[in-house]
Amino acid sequence: MPVPQSPDELHRFLGMVTYYARFIPNLSTITYPLRQLIKQDKKWIWSKQCQRAFERLKTEILSDRVLIPFDPSLPVSLACDASPTGIAGVLSHVVNEEERPIAFISRSLTSAEQNYSQLDREALAIIFSVTKFYMYLSGKQFTLITDNQPLTRIFHPESKLPAFTSARLLRYATFLQEFDYKVVHRKAEDHVHVDCLSRATYCDENVSTEAILSLEVQTLQDQVINQISCDVITSVRIAEETSKDRQLSKLLQDLISGEIRDPDYSTANGIIFKNERVVIPEVLQTMVLQELHRTHVGIVKMKQLARRHCFWRNIDKDIERMVKSCRDCALTLKSPAKAPVHQWDEPQHNFERVHIDYAGPFLNHHFLVLVDSKSKWAEVRILKDAPTAANTIELLLDIFCSHGFPEIMVSDNATIFHSESFTTFCQNNGIIQKFSAPGHPATNGLAERYIQTLKSKLNAMEPGSIQHNVREILFRYRATPLKCGKTPAELYLNRNIRCQLDVFKPTPPRKNKRVTFKLPPSKEFESGDKVLVRWYSGNKDTWKLGKITQKYGNLHYQVTLENGYSLKRHADQLRKTEVTFNGPERQQPPEQRLNLETPASPVQEQVPPFFMLPETSVPNSFEFPGLNVPNSVHSPPEEPQAASPRENLRRSARERRPPVRLRDYVV
């Protein structure tokens, strides 16, 4: 515990000392220099006598007169508390109705945790203390003591978790369910011993259970706020406008200070959450409404989307008013839905039964619509030409290559679906065809309803690329909750998909796990090492003496040969040697060098004219269908010999040889 820096800090310390006064002899004499400092009109001077008294009191509190060893047969209590800067806990035995401390713990809050509401900080103190004393508490009944009244209801082991509680508190309550405890409320004035520890803390960098739980909640909040993002609205913008909003800024400060202890509200990064929904400042509410209404999803869908992501007072009325006043929605409003006349059996798994139909010609295109009966996952493919059995099969194969073949496929009685080629396609792939009654499309109502939705949305959206608008409609449809409360993506993919509403929250930090790469000593080289380099010439692979000049990554090296050539080799193409390196024998004449790098670079490997590329862009081997070109394609030729009249001829007159791929060809 650090030395008190003010009368307030000294008051808290003396309060803790007084809490254990019955175990400390001559307490009044020991505390006399410290009590003089807290008198009114007394100048604050921390003297040597004060320091000695402070150190002696700390020694007394940690001595066996106060602390006792843990005894499994004695009752156990755990007192927890939090301040704006730290959290603490005291593990005690109850002996003769008196608390005898076993151990004290405390730590400072991180910058992110300091922005929690006071209720969340108190809950964090409990999780921190239970985690630290896990070995003492697991499998044993104990009493949990807190000075926060709402937490006694939320963390009560015999009551159900409250339906409307912040995600962080729900996650903490779930963690505590594995312990056997009863929770007790204690007044703040009787909680001074642990209150002092929470205000005089140290920084603990160890990753613990409460940090992991907080990270999980942070990730969950990030996913929520990311769902309602756009180019203008981001998490930073929401935090800025929250601090400027008169009502929300006061609510934020009251939650952090503890003036308001409402379990429905929590804070993170300057943003207020109501349960799992982001509280939107007034100046951003119109833009959020426009983002929710971007694809004209209607009142019900907008409310379902908003109830998952964002909140402000009267948000439902604002949604109704916006949709009812939208001209495009009014002009494309569909007729009221009819009562269902046929109930299909509920599929056992996704993509067991699919419904297909064509929409069009519409906007000069035809649209093949496929909807999964169980998850309501939809797929749309676009045709410019009139549909036929052949191109319909191609479109379905494009869908089935990602999702697999369904067991049952429901369609209307169009000629395409009754054609011989389409029937054969279904039979060959084990697909059972079912048809709606002629003149009664309601039997295939799932596909029909989605076609109506698709047409109305395309009519309401701004003119543009059909493909782009269809992608937008599909994307938002898959991310919007259905009547069951889950999105098609959740039902089909078992996860939510990221959409344009995904920038409201800052991206949580990711810890990159460094991959260790260990090589045998024979494969490790350093700059300046003498090596034998694999040399490729004609149909023979030989070795040449060189020296390492540069290392690229873990396995690649730049090597200079004795004749001055510089080339790049893999570790498998090098061997260590003790042979004396004589240095470059001679440099190639300037007119014979290839300008593959900057003038200051050493002479590079010569490359055939059809691969005139820089050294760094030429791989060690190339693979083409039916052709395996060895590394000699980009390796330097043999050392140049004395010039002859034939060597001075143009390259087009050089001696030609059969390609490598025909080397083993038998005529």
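What follows draws every value from the coordinates through simple rules; no lab data is involved. All values reported here derive from a predicted model rather than from experimental measurement. Neighbour counts are summed over all protein chains in view; Cβ atoms, including those assigned to glycine, are modelled from backbone coordinates with ideal geometry.
Brief remarks follow.
- Note on Ile497/Gln433: beta-carbon distance plugged into 1/(1 + (r/R0)^6) with R0 of 35 Å gives a FRET efficiency of 0.65.
- The distance separating the Cα centre of segment 515-588 from that of segment 381-450 comes to 62 Å.
- Each Lys or Arg adds one and each Asp or Glu takes one away; over the other residues whose Cβ falls under 11 Å from the Cβ of Pro33, this sums to +4.
- Of the GluC sites (Glu not before Pro) found in segment 75-155, those that fall in a DSSP loop while having at most 12 other beta-carbon atoms within 10 Å are Glu97.
- Charge dipole of segment 353-479 (Cα centre as origin; +1 on each Lys and Arg Cβ, -1 on each Asp and Glu Cβ, all else neutral): 420 debye, rounded to the nearest 20.
- Nitroxide proxy distance, nm - points 7 Å out along Cα→Cβ at Ser111 and Asn413: 7.1
- Net charge, Leu305 excluded, C-beta distance under 10 Å - Lys, Arg +1, Asp, Glu -1: +4
- Among beta bridges that DSSP assigns inside segment 356-496, antiparallel share in %, nearest 5: 75
- About the Cα centre, charge dipole magnitude for segment 1-128 (Lys/Arg +1, Asp/Glu -1 at Cβ), debye: 720
- Cβ-defined net charge surrounding Gly404, 15 Å radius [Lys, Arg +1; Asp, Glu -1]: -3
- Peptides 45-53, 150-158, ordered by how many other C-beta atoms sit within 10 Å of their residues on average, highest first, read 150-158, 45-53.
- Within the straight-line cut-off of under 26 Å between alpha carbons, the lysines reachable from Lys455 are Lys301, Lys303, Lys324, Lys334, Lys338, Lys374, Lys376, Lys384, Lys434, Lys483, Lys486, sequence neighbours fewer than 8 places apart in one chain being disregarded.
- The distance from the alpha carbon centre of segment 71-116 to that of segment 229-307 is 35 Å, rounded to a whole number.
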